[in-house]
Every structure is written in C-alpha cells, then in structure tokens.
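Please read the structure below before turning to the comments.
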Amino acid sequence: MEKSGDTIKLNTLAMSVHEVMLESGFVLFDAGSDKISFSKKLLSVSLRYTLPELITSKDTNTIEYVTVKFQSLGYMVVVYGSLNGSSPRRVLLDKRGFVPVIDTLMSDKEGSSSIYHKVFKYWRMVKYGLVIPLLIGLSNKAPCLMCLPTEIKMKIIELLPGASVAKMACLCTELRSLSLDDDLWKRKWLKEAKNVVVITRFGVPINWKENFAAFWRKHQRERLLFLHDYAIAYW
C-alpha cells in the first residue's frame, strides 16, 4: 500500500493530469461534474473521459471515451491513456520533481519565472505526450473537419500552404475566424516567402495576411508569365 506521503504526491500528480484533460476539452464520462476526489485506491481506478459533442445519447454504451490510468513505480508515475482498448499512450512523471513544483506554485500565487518554466515543461509532457494523441484518436471517427476540437483544427491549418488556408477561410465563419490569426500568416510568410523583403513604415504594424496575399498574387502572375513564355518557346 502507498505510504501517506506518497499517496498525497500521487493525488497531486493525478489532479494535475486531470486538470490538463479538462483544459483540453475533455469531460469526465461517468461523473456528474468535473470535480473529482481521489483516494488511496487511485491505482485501481480507471478514469474515463469523453468530449461534450459526443454525448448525444443517454445510452452510455454508445458513447466513445478514453481511459486514463496511473501506475506508481517508486519515484516515477506512469500515466497511461487509451481509446477502446487500443495500444495505450504513456508519459513518465517524476514525483520528486513534479510535486514540489506544483506545491510551490499553489503556495506562492506570484510564482517565479523558473517555477512557471518548470510547470510549463510538465504541462507540455502531459499535453503533447498523452492528451493531444487521445484527442486525435477520439476525433478520428468524426465525419468532417468541423467536428474536431478547435485546437486540432488549428494544428491542421498550420500544416496547410497559405493559399489553402485562404480557400478554407471561405467555407464558413469559424474557419474564417481561425484564419485571421496574424501570427499564422507571419509563419506562412516566413516559410513561403522567406527571400522576399517586407517594406513597412516606421511605427506601422505589419499586416502579414495582406503581405502574404500580395506576395502570392505576384508569384502567381510570374508563374503564369513563365508558363506562357515557355509554351511560346516550345512551340
């Protein structure tokens, strides 16, 4: 059986993982609220989560969900996440490093930059090692892009060429709103127009979307002119 101190550490770690799940859009599948009380029996408990948009029926047997489990191995805790019995994703968290950071943050509301950096490090481990893969797995059976969580939509948009993002923005209000992020267009510019110099006036912020649109139109004109000249030369 876990010692009292170890149980407290395990509960702190489990609650932190639980918070990342909720923050990412999951809800507890078999509970009346998002509040949960962990006990010494945590190691034998399987926490089930689903997405609000998947709860469309009172028949719980038809609702897709993911399962999260915890396994304590000395100073390490293995957090497993799986979808319908598929091969689980897992992350390893060190109680010696993780729990003191959380405790310090809870006791000191201000928090130093180093504390927040450590918290962010663990948050990334849980978010990208466990939660995002579970989100993608649970959304795989969605019939269309619009059924995916916003965070997944943004990741898909970031992978598309700028011209494709512009076309997608014409489909609906939500996608148009997601495509308005100026940082997104800055990244598209730096990737696709990296050798083009941006000319701007002092004190005037750069509109990356407009700059990208101007670059793309110019690029298309040059491409068409090249194809035209090539066709004439060939014939």
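The values are calculated or read from the model by the stated rules, or taken from the named source; none is laboratory data. None of the values given here were measured: they were computed from a predicted structure. Positions of Cβ are backbone-derived with ideal geometry, glycine not excepted, and every protein chain shown enters the neighbour counts.
Details
- Hits in the stretch 77-99 (condition: in a strand (DSSP E or B) and surrounded by 13 or more Cβ atoms within 10 Å (Cβ to Cβ)): Val77, Val78, Val79, Tyr80, Gly81, Ser82, Leu83, Arg89, Arg90, Val91, Leu93, Asp94
Each row is one residue, and each column tells you yes or no for (1) in a helix (DSSP H, G or I); (2) over 18 Å from the mean Cα position of the chain (by Cα); (3) modelled with pLDDT under 80.
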| residue | (1), (2), (3) |
| --- | --- |
| Glu110 | no, yes, yes |
| Arg124 | yes, no, no |
| Lys127 | yes, no, no |
| Leu130 | yes, no, no |
| Pro133 | yes, no, no |
| Leu138 | yes, no, no |
| Pro143 | no, yes, yes |
| Met146 | yes, no, yes |
| Ile156 | yes, no, no |
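- Of all the residues in the stretch 179-212, those that are at pLDDT below 85 and small (Gly, Ala, Ser) number 2.
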